[in-house]
Amino acid sequence: MSYKSYAALLARMHALEDPAYRSFMSRLIPGCENLRGIRMPALRRLAKEIARSDYRRYMAEAREDTYEETLLQGLVIGACPAPFEEVCAYTRSFIPKITNWAVNDSFCSSLAITKSHKSEMWEFLQPYFFSERPYELRFAVVMGLCYYKEAADLAQIFPLLDRIRSEEYYVRMAVAWALSIYYVSHPDITSAYLHSCSLDSFTYGKTLQKILESRRLTPAMRKDVLELRKRERKQI
């Protein structure tokens, strides 16, 4: 498919709608009422087709009338062959349109250009780590867990996670998710951080819970996390 018009794209999307999938997704994304019910593989195929076509015209015409229309924009940004600076410009414009965890996390995972521009993207992310807007914060945290998982990255990431003070559930859970990923990959470094961190009690507890749910824990790692859980109880 070459991108011809937004009307033609909407007709294509309408043909992909699945009422059963719409019902399923509505339970996963509380409060999201503008679902079409298009499965992710189909959206990714559309995004790749648009990215290989006139993606700049599409981005100029794209709307956010439905969940899938918003998500498709993010997937096209991730798939388009634009220079890094242009991808950042699209990203900067797209972030305010994120209103749920599903669009956020799918968008982050699609930004594979980060792998070849880690230092530049890290600089781009810094203001978002200090934002008070929940999905700007979640964007930064999830980008961290997607692309900054090396041991050398953690010295920069932990201080940023430690200063986050948010009452928003999806921000706190993003931090817990990230730390659980870091723990499984780098248990010694992450354990040292968790023994001295300043996380709020909810985020700290959810972090330990998510670590314990991992199938990759060794007996020694599990013992360590249980010791960390005792620290949590003492704090309470």
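Here, each number is a calculation from the coordinates, and none is a lab measurement. On a predicted model such as this, the values are computed, not experimentally measured, just so you know. Here Cβ is always computed from backbone atoms with ideal geometry, including for glycine, and neighbour counts include all displayed protein chains.
So, in the range 93-112, exactly how many residues are acidic (Asp, Glu) and more than 8 Å from the chain's Cα centre (by Cα)? Looking only at that region, the number is 0.
Residues in the range 81-88: is at least one aliphatic (A, V, I, L, M), crowded, with 20+ Cβ neighbours inside 10 Å and part of a helix (DSSP H, G or I)? Scanning the range 81-88, I find at least one residue that is aliphatic (A, V, I, L, M), crowded, with 20+ Cβ neighbours inside 10 Å and part of a helix (DSSP H, G or I), so the answer is yes.
Looking only at the range 52-66, decide whether some residue is outside any helix (DSSP H, G or I) and under 20 Å from the mean Cα position of the chain (by Cα). Walk me through how you get there before you give the answer.
Within the range 52-66, the first condition is being outside any helix (DSSP H, G or I), and the residues that meet it are 52-54, 62-66.
With under 20 Å from the mean Cα position of the chain (by Cα) added as a condition, the list becomes 64, 66.
Checking the range 52-66: at least one residue is outside any helix (DSSP H, G or I) and under 20 Å from the mean Cα position of the chain (by Cα).
Total residues in the range 149-192 satisfying the condition of being β-branched (Val, Ile, Thr) and closer than 30 Å to Gly31 by Cβ: the figure is 5. With respect to (1) under 25 Å from the mean Cα position of the chain (by Cα); (2) part of a loop (DSSP other than H, G, I, E, B); (3) free of Cβ contacts under 8 Å to residues at least 40 places away in the same chain; (4) at negative phi, the lone exception for Cys32 is condition (3). Asn100 falls short of the stated requirement of being within 20 Å of Arg138 (Cα to Cα) and surrounded by 21 or more Cβ atoms within 10 Å (Cβ to Cβ).
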